[in-house]
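The block underneath contains the structure these notes are about, expressed in structure tokens.
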Amino acid sequence: MSKDIGKEKILIVDDVETNRIILEEIIKDMGEEPILAESGEQALELVRKWNPQLVLTDISMPGMDGYELCRILKGSKKTKNIPIVFISAFDDPKDIMEGFSLGGEDYITKPFIPKVVQARVGVQLRLHEAKRELMEMNRRLQISVSEQLKQMEQEKKNILYAMANIAAQNLDYEKAHMDRMGKNCRILAQGMQLSPMFEERISDTYIDTIELAAPLCDIGNIGISKEILQKGTKLAAEEAAIVQNHTNIGAKLLKDIHVNSDYNDFISTSIDIAQYHHENWDGSGYPDGMAGEEIPLAAQIVSLMERYCTLTGKEACSREEALEIMKGEAGVRFNPDIFKICCKISRQLC
């Protein structure tokens, strides 16, 4: 059968040839394209081939009856939206209700009255087209909303990074220091992923996330006076307490960011890092005096890499010198197992 452009394809399923011919002529008179099947089994093949806009099916047929055909079509994701109209010589309410319960849209009785058939078919075609257009509108709307949300979340990220860079400058750090932090945390996390001790806790997504979140570790310093942060002499107790509060300021700032579910891991990891990257392995750190595995893993990684980047950057130590200094701090300031991995992959660090 030729595929006529602009015509709706209507599948007619009936084991009686006379009925198929009558319905074929009725559908042609509507200006639509009839497709004929003499059994439920053949109908399934034609549905896969032609993807009709409507199915007119007899109920009582040898082999697969109309109800079973409907059940199969409505049970498939690809065909569940095709409207099905039952045709039968019987108009028992039980038969009609059975068809509706299976997902059928309408019911036409024999003998056929052409104008009635055309009217009911026309209604179903219009409803099907309206539903298709609505689904397409919803699809486009979802894409549009999703793209707008992604753009909004990226803008929020950009603002966070801008604030983190200002906070780093207040500490007299260059932007390159924060970039190194992210990259080195990624390298260390990748090394940890290869260790049986950490492989179940570190996924590829976790590695991507910690690289993005690590530069936000000191974002809370944006709320601390630049004069205190850059004070050349030892801080007074009151000033030290103010500086230490940057962990709480940073965590609060990040908690107040409302984000799409796609960014929940990023924000939650960033919060852990901002609040707890100054906690020490032996419990001597701040703000909560956490110890050992109480400290979130991301904060443990950032704590170690922040120290490494500071020693090899601002304090101009060589890689070997930095690791030697940190060796004395392992088990006190850092997780000793993570430090061992850091030593093994240290040549990869930037």
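Overall shape: oblate for segment 183-341, with the ratio a/c of the largest to smallest alpha carbon gyration tensor axis at 1.5 or above and b/c at least equal to a/b. Per-peptide packing, taken as the mean over residues of other Cβ atoms within 10 Å, places 94-107, 292-305 in the sequence 292-305, 94-107 from highest down. When only the Cβ of Lys, Arg, Asp and Glu is charged (+1, +1, -1, -1), the dipole of segment 37-161 relative to its Cα centre reaches about 660 debye. Full extension of the chain between residue 200 and residue 116 yields a length gain of 23.7 nm, computed as 0.36 nm times the residue separation minus the alpha carbon distance. The alpha-carbon of residue 110 sits under 25 angstrom from the alpha-carbons of these lysines, leaving out residues fewer than 8 places away in its chain: 9, 28, 74, 94.
Its DSSP H runs of at least 4 residues, each contributing -39,500 (n - 2.57), put the calculated 222 nm mean residue ellipticity of the chain at -18000 deg cm²/dmol, to the nearest 500.
In the chain, the portion of solvent-accessible area held by carbon and sulfur atoms comes to 52 percent [1.4 Å probe, whole percent, DNA, RNA and ligands not counted]. In plain terms, the chain from residue 68 to residue 231 could stretch by 50.5 nm, reckoned as 0.36 nm per residue minus the Cα-Cα distance.
For the pair residue 288 and residue 135, label points projected 7 Å from Cα toward Cβ lie 4.8 nm apart.
Spin-label model, residue 28 to residue 174: label points 7 Å out along the Cα-to-beta-carbon direction sit 8.3 nm apart. Here the Karplus relation 6.51 cos²θ - 1.76 cosθ + 1.60, evaluated at θ = phi - 60°, turns the backbone of segment 216-228 into coupling constants of 8, 4, 10, 4, x, 5, 5, x, 10, 4, 4, 5, 6 Hz, with x for every Gly and Pro. Here the contact order of the chain, divided by its residue count and restricted to Cα pairs under 8 Å and six or more residues apart, works out to 11 percent.
According to the square roots a ≥ b ≥ c of the eigenvalues of the Cα gyration tensor, what is the shape class of segment 66-128, taking rounded for a/c under 1.5, prolate for a/b larger than b/c otherwise, and oblate for the remainder? Because a/c hits 1.5 or more and a/b fails to exceed b/c, segment 66-128 counts as oblate. Would you work out if segment 1-75 is rounded, prolate or oblate? Take a ≥ b ≥ c from the square roots of the eigenvalues of the alpha-carbon gyration tensor; rounded if a/c is under 1.5, else prolate when a/b is larger than b/c, oblate otherwise. Taking the square roots of the gyration eigenvalues as a ≥ b ≥ c, segment 1-75 is oblate.
What is segment 248-350's relative contact order, in percent, from Cα pairs under 8 angstrom and six or more apart in sequence?
21
The residues of segment 165-213 expose, per residue, 52 Å² of accessible area to a 1.4 Å probe. The stretch between residue 344 and residue 148, if pulled fully straight at 0.36 nm per residue, gains 66.2 nm over its current Cα-Cα span.
The values are calculated or read from the model by the stated rules, or taken from the named source; none is laboratory data. Note that the structure is predicted; figures quoted are calculated from it, not measured. Backbone-built Cβ (ideal geometry, glycine too); neighbour counts: all protein chains shown. The accessibility values were calculated without ligands, DNA or RNA, using every heavy atom of the protein model including side chains. Shrake-Rupley method; radii C 1.70, N 1.55, O 1.52, S 1.80 Å.
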